[in-house]
Amino acid sequence: MSAPPFLKSPATAAFLASPRVTAAPRAAVLGATAQPPRRLRCSAAVGAGARDFGVMSAPLGWAARSVEELEQATDLDSFCMMALSPLDGRYIRFIKDLMPFFSEFGLIRYRVLVEVKWLLKLSQIPEVKEVPPFSQEAQLFLDAVIQDFSINDAKEVKQIEKITNHDVKAVEYYLKQKCSSNPEVAKVLEFFHFGCTSEDINNLSHALALKEGVNTIMFPVMIDVCSAICSLATENAHVPLLSKTHGQPASPTTLGKEMANFAARLSDIGKSFSEVKILGKFAGAVGNYNADVVAYPEIDWPKMTEEFVRSLGLEFNPYVTQIEPHDYISKLFNLFVQFNIVLTDFDRDMWSYISAGYFKQIAKAGEVGSSTMPHKINPINFENSEGNFSVSNGLLCTLSMKLPISRLQRDLTDSTVLRNLGVGLGHSLLAYKATMQGIKKLEVNKVRLDEDLEQTWEVLAEPIQTVMRRYGIPEPYEKLKEMTRGQAVTKDSIRQFIEGLDLPEDARSSLLKLTPHSYTGEAENLAANIWNVVDLKSGFKIK
């Protein structure tokens, strides 16, 4: 039988013919069954050669390095064309900075980090005489195992996993093989993964990925969005805008004040992120340190593991089952959902303002708005943002509702779900960047704003009847209702009505000076002072 047509395409053929590598014999892997050498098909995304980077001075230099490896990979375009997820395909250039933290590579690297750090911690516990303190040379060696970890190292782990069919055990075997060349570490190889269940390693790995990925990649972009909206507020604090309540003309505001509303809401949510504690557990198979206590009953294991978890920059959760219950992830993702909902509201309002002509969009040379209508400049960035917020919030809500639920001391349903942390966040990141692109294209159309205000003198019915109330004129609301509701109202008809009122001269004079453009209350001041309300420094961080 001939191959299906889609397998015969040149692009697919090139993709399937990507470079191969020969795996090292697995007989050298401690604890693994010897297997004959295998030949692996190497995906285009991870086809870069190994590089020697030494110990990285920047704490997150490994993340930048892994993105560089990705960008230098062979035939990346073919891989992206074949990706099932649009994040890994069409939109990869927007979200690639998240990949080091939430990809398979990232999870494996964090597991390596936790395993190595735990061995170093054991060497510092006097009661664990079997693991004496390491020399500076050995410590540098172990540190390099973490800092120099590359995509090729992760591929080695995946090769071992093909034998073990267990991803965490594969990391342990990889480390035993990797560290057997160091005389000091070689003597204590069996203390890798000592007293651990897989979830001791996994929960800390996911926690570190969330803390570092969100702090490093997500929050800076979210702050940029808030800052851009604040700038819209202050730059347009004085620009009058016809309000629409129920889609109908209402008391005027200013364009800046409406932007300030969103900035204040987003900033308020941002402050709440700092209240989220990223938690970790390290208490063994069912959360009671069972095996640790049997091996070393003289050690205060809850205290020791708390020290370890905190040394990683995480908060400690002492009451757990086999898994950390993930409640903190729900809190964190619920805040992202709330932030995204506010920005969805912003996207829709901006779409409406553009539709009304209040904003023009700056044309970009070469871009096409419609395949058949040459004149169009569509608000695609705000539409793209809104769509991705919908996808993101769907995933984040699913994660938030599912992860805290686990049967008895654990079931495995969280394991596969946790692999989608980066997917939910990735769609959020894509949406934030789309919103930013939309904002950058905006140009205020003051002529159009003025036209709408000039045609809606009926909005002055509110202040006129309010002043009438002050001076005791009977039935002020009813009189203005009769004059304005469903009626054509002009500047002249409003002036004529005001002049016929029994009001003090100064009150009448004040009303006669009022226009739809000037009837904005404190809107300008509120918009101009938005930076006194918005705090982008103490919020948007996980400590």
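The values are calculated or read from the model by the stated rules, or taken from the named source; none is laboratory data. Keep in mind the model is a prediction, meaning the values are calculated, not measured. Note: ideal-geometry Cβ built from the backbone for every residue, glycine included; neighbour counts use all protein chains shown. SASA here: full protein model, heavy atoms, side chains in, ligands and nucleic acids out. Shrake-Rupley method; radii C 1.70, N 1.55, O 1.52, S 1.80 Å.
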Discussion item. Scan region 473-483 and tell me whether some residue there is open to solvent by less than 70 Å² (accessible area, probe 1.4 Å), at positive phi and modelled with pLDDT of 90 or more.
Written reply: no
Item to complete: Note down all Cβ pairs under 7 Å where the first residue falls in region 513-533 and is open to solvent by less than 60 Å² (accessible area, probe 1.4 Å), the second is polar (S, T, N, Q) and not in a helix (DSSP H, G or I), and they're at least six residues apart or on different chains.
Response: Pro516/Thr456; Tyr519/Ser251; Thr520/Thr253; Thr520/Thr254; Ala523/Thr253; Ala523/Thr254; Ala527/Thr254
Fill in: Residue, nearest to Gln487 (Cα to Cα), within region 209-252, restricted to residues that are open to solvent by less than 20 Å² (accessible area, probe 1.4 Å) and assigned to a loop (DSSP other than H, G, I, E, B)
Val239
Practice prompt. Return a yes/no flag: does region 492-499 have any residue that is of a type in the set (Phe, Trp, Tyr), more than 30 Å from Asn261 (Cα to Cα) and part of a helix (DSSP H, G or I).
Written response: yes
Practice prompt. Note down all Cβ pairs under 7 Å where the first residue falls in region 149-174 and is part of a loop (DSSP other than H, G, I, E, B), the second is open to solvent by less than 10 Å² (accessible area, probe 1.4 Å) and among the aromatic types (Phe, Trp, Tyr), and they're at least six residues apart or on different chains.
Written response: Phe149/Trp62
Worksheet entry | Positions within region 278-300 being free of Cβ contacts under 8 Å to residues at least 24 places away in the same chain and either small (Gly, Ala, Ser) or within 17 Å of Glu324 (Cα to Cα) (or both), in sequence order | Asn288, Asn290
Practice prompt. State which residue is surrounded by the fewest Cβ atoms within 10 Å (Cβ to Cβ) when the search covers only region 290-303 and only residues that are touching a helix residue (DSSP H, G or I) at 6+ places or on another chain (Cβ under 8 Å) and in a helix (DSSP H, G or I).
Written response: Val293
Practice prompt. Mind listing just one residue for me: the one in region 57-111 that is among the polar types (S, T, N, Q), surrounded by 16 or more Cβ atoms within 10 Å (Cβ to Cβ) and at pLDDT 85 or above and, of those, farthest from Phe194 (Cα to Cα)?
Written response: Ser66
Fill in: Failed condition for Leu536, given (1) closer than 28 Å to Leu255 by Cα; (2) modelled with pLDDT under 95; (3) open to solvent by less than 100 Å² (accessible area, probe 1.4 Å); (4) out of contact with any Cys (no Cβ under 9 Å at 6 or more places or on another chain)
(4)
Worksheet entry | Of residues in region 272-281 being open to solvent by 10 Å² or more (accessible area, probe 1.4 Å) and within 16 Å of Leu312 (Cβ to Cβ), the one farthest from the chain's Cα centre (by Cα) | Leu279
